[in-house]
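Notes to accompany the following structure.
Laboratory data are not the source of any read-out in this text; all were calculated from the coordinates shown. This one's a predicted model, so the numbers in the text were calculated from it and none came from an experiment. Glycine also receives a Cβ, built like all others from the backbone with ideal geometry; neighbour counts cover every protein chain displayed.
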2 protein chains.
Amino acid sequence: MEAATDVDGLVAGVLAGERRAVARAISLVEDGRPELERLSAGIYGATGRAATLGITGAPGVGKSTLAAALVAAARAQGRRVAVLAVDPTSPYTGGALLGDRVRMQEHATDPDVFIRSMATRGHLGGMALAAPEAVRILDAAGYDLIFVETVGVGQAEVDVAAATDTTLVVLAPGLGDAVQMAKAGILEVADLFVVNKADRDAAGEVARELRQMLHLGTAREREPQVLSTAASLGDGVDAVWAAIEEHRTWAEGSGARDAKRRARLVAEVESLAAERFRLAVAAALTDDPALATDLVERRVDPYGAAAALARRASR
Amino acid sequence: MEAATDVDGLVAGVLAGERRAVARAISLVEDGRPELERLSAGIYGATGRAATLGITGAPGVGKSTLAAALVAAARAQGRRVAVLAVDPTSPYTGGALLGDRVRMQEHATDPDVFIRSMATRGHLGGMALAAPEAVRILDAAGYDLIFVETVGVGQAEVDVAAATDTTLVVLAPGLGDAVQMAKAGILEVADLFVVNKADRDAAGEVARELRQMLHLGTAREREPQVLSTAASLGDGVDAVWAAIEEHRTWAEGSGARDAKRRARLVAEVESLAAERFRLAVAAALTDDPALATDLVERRVDPYGAAAALARRASR
């Protein structure tokens with residue numbers, strides 16, 4: 001990509017909902033290209049209309065199967081849907097591990113469904129900062145409902161899935177029990193729990209254990225529901241879809257959605273500013289290898305060095 | 001904690017290797033107390049002597065059992081050992097979920113073993129920045145070998161375990177397969193793999209799959225070994241201990257250890273400085289709620305707002 005006209009053309013393409021422009025714009029986010037700032041400024045006015053739905057849970061619980069069934073439910077209501085599958089980057093694998101998106105293929109030929117895997121190759125701040133911008137691109141392109149699916153249950157994955165209007169956490173018997181979820185802070189961010197593979201014996205126990213953990217927690221504005229599905233059989237998916245819509249209606253009406261969005265934007269700007277600053281500090285340390293040597297030789301300690309750098313930069 | 005004398009006393013206690021002082025100093029890190037800067041400055045000169053060993057892997061693979069066996073091996077050589085078990089914080093759970101440290105209890109009465117669970121309640125930057133400071137406290141207190149054990153396989157957990165001289169990744173049949181590990185970037189950071197629960201049928205397959213994934217990756221300075229253990233039975237632990245020592249000898253001799261330590265310190269200082277800056281930005285946003293409103297009402301986009309804040313702060 002080169003100069004001004006390209007970004008302007010890309011912005012126009014995204015705003016017109018052109019799939020190719022949307023795909024290119026998301027690649028630009030993945031790569032953390034400098035054009036990103038102008039892209040962001042160009043599309044931002046057209047965002048805020050889509051509803052966003054985060055889906056997270058341990059590998060193998062059946063997130064993709066459930067997501068595919070929920071896409072079908074949304075399509076049955078005529079809504080335009082985008083699915084963003086966010087994975088941490090590994091130089092070993094790139095995006096090549098996303099073969100488990102097969103279930104989504106039934107929607108691949110639907111012109112009103114956009115499916116995209118996303119890795120973060122160069123974006124400052126990684127997934128947590130790249131995903132919201134990709135969501136805004138999909139929003140600006142006119143998708144009514146945007147799924148953000150993350151793989152894994154680490155803190156970063158939870159944070160990405162939580163940065164949505166409605167966050168759905170999927171569990172399954174024998175995979176990622178409630179205690180492990182609690183450790184990743186996943187209980188706090190869920191608006192809705194789905195115990196998938198409910199055709200298995202242990203599913204009832206997972207749901208019970210989960211309700212117990214929730215009961216131990218602090219009271220929330222709205223207690224999350226715990227539902228059961230056997231998504232591969234289609235059982236229970238309609239009830240999940242209804243619960244998602246119910247949460248959305250509540251969140252919109254109560255102001256909870258707008259409050260969450262505002263807090264999220266502020267946190268994102270804080271992080272973006274901090275990352276910009278980190279780059280400036282990294283450049284300063286590269287220019288001044290003496291500081292690294294001072295650190296290694298223990299003439300200055302890490303906290304002292306950070307304070308000195310922060311002072312220097314804010315003068 | 002109050003004024004000057006307390007931190008000075010704490011520093012003296014840590015340097016004298018007093019367990020109570022060490023415990024209090026780590027609590028101070030967990031809570032992200034302002035005294036941390038003086039503590040850090042006070043102890044830093046006495047650090048850099050300990051060898052550090054990171055242990056990570058999915059829940060249930062037997063990390064704690066293996067760690068306990070390795071502590072015994074280190075003790076048999078007369079080395080003083082500290083174990084730092086790092087967990088993400090959850091307001092639901094605090095540190096209360098660490099009941100699985102039972103295996104470590106056999107070492108609890110050994111005056112030359114220090115065991116500590118650590119959550120990050122208030123430290124700026126979370127686990128990734130709190131853990132290295134806690135390690136330095138243990139280093140300054142005179143422990144020869146410091147284990148850093150993390151729970152889970154998310155990016156944050158991997159980063160913490162990787163910030164050590166030797167990083168050991170534990171796998172087990174049926175738990176956290178190689179593909180999932182690759183996604184979390186865990187393959188790249190491992191100096192040594194241990195397939196635990198080798199008494200199970202599928203262990204050989206896990207080791208094969210792992211070697212295949214490693215083979216696909218880019219060449220490294222030193223290829224990580226893949227070993228098998230049945231830690232609960234004690235099988236294979238001696239070979240793992242020998243491989244750890246071998247890696248340490250190589251890393252010290254080749255300069256790889258010092259290069260890694262230097263890079264780590266620089267990265268830590270960058271992050272600490274960026275987090276300081278983030279706090280300044282957060283304060284600026286709190287003082288000026290108009291910016292949040294401008295964001296919500298789409299008069300300024302997140303990247304534009306971050307750039308403006310970064311410019312403002314570095315004037």
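Would you mind checking the radius of gyration and Dmax of the protein assembly as shown based on alpha-carbon positions, in Å?
Spelled out, the Cα radius of gyration and Dmax of the protein assembly as shown are 24.6, 70 Å.
Based solely on its DSSP helices, what 222 nm [θ] is calculated for the protein assembly as shown when runs of n ≥ 4 H residues each add -39,500 (n - 2.57) and the sum is averaged over all residues, nearest 500 deg cm²/dmol?
Calculated mean residue ellipticity at 222 nm is -16500 deg cm²/dmol.
Any idea how far the Cα center of the range A:1-79 sits from the one of the range A:227-243, in Å?
Each part's Cα centre sits 26 Å from the other's.
Considering only B:A203, B:G253, B:T167, whose Cα is most displaced toward the positive end of the charge dipole of chain B, charges sitting on Cβ of Lys, Arg (+1) and Asp, Glu (-1)?
Highest projection toward the positive end goes to B:G253.
Which entries in A:K63/B:K260; A:K260/B:K260; A:K197/B:K197 show an alpha-carbon gap greater than 32 Å?
Numbers: A:K63/B:K260 38 Å; A:K260/B:K260 40 Å; A:K197/B:K197 27 Å.
Pairs exceeding the cut-off: A:K63/B:K260; A:K260/B:K260.
If each residue of separation counts as 0.36 nm, what is the full-extension length gain between B:S254 and B:R311 once their alpha-carbon separation is subtracted? Before the final figure, lay out each step's value.
Numbers: separation 57, 0.36 × 57 = 20.52 nm, distance 4.26 nm.
My answer for the length gained is 16.3 nm.
So, how do all the Cα-to-Cα distances of chain B break down into 20 Å bins, in percent, from 0 on up?
Result returned by the calculation: 30, 53, 16, 0.
Taking the simple approach of a point 7 Å from Cα along Cα-to-Cβ for both A:D238 and B:A219, what is their distance in nm?
Between A:D238 and B:A219, the label points sit 6.1 nm apart.
Pop a pseudo-label 7 angstrom from the Cα along the beta-carbon direction at both A:R33 and A:R211 and give the gap in nm to one decimal.
5.2 nm
Measure off 7 Å from each Cα along the Cα-to-Cβ vector at A:E106 and A:A283, then give the distance between these two points in nanometres to one decimal.
With each label point 7 Å from Cα toward Cβ, the separation is 5.1 nm.
What longest range of chain A stays clear of loop-exposed GluC sites (Glu not before Pro) (DSSP non-H/G/I/E/B, at most 10 other C-beta within 10 angstrom)?
Looking at chain A, A:3-220 is the longest stretch - no exposed GluC sites (Glu not before Pro) with at most 10 other Cβ atoms within 10 Å.
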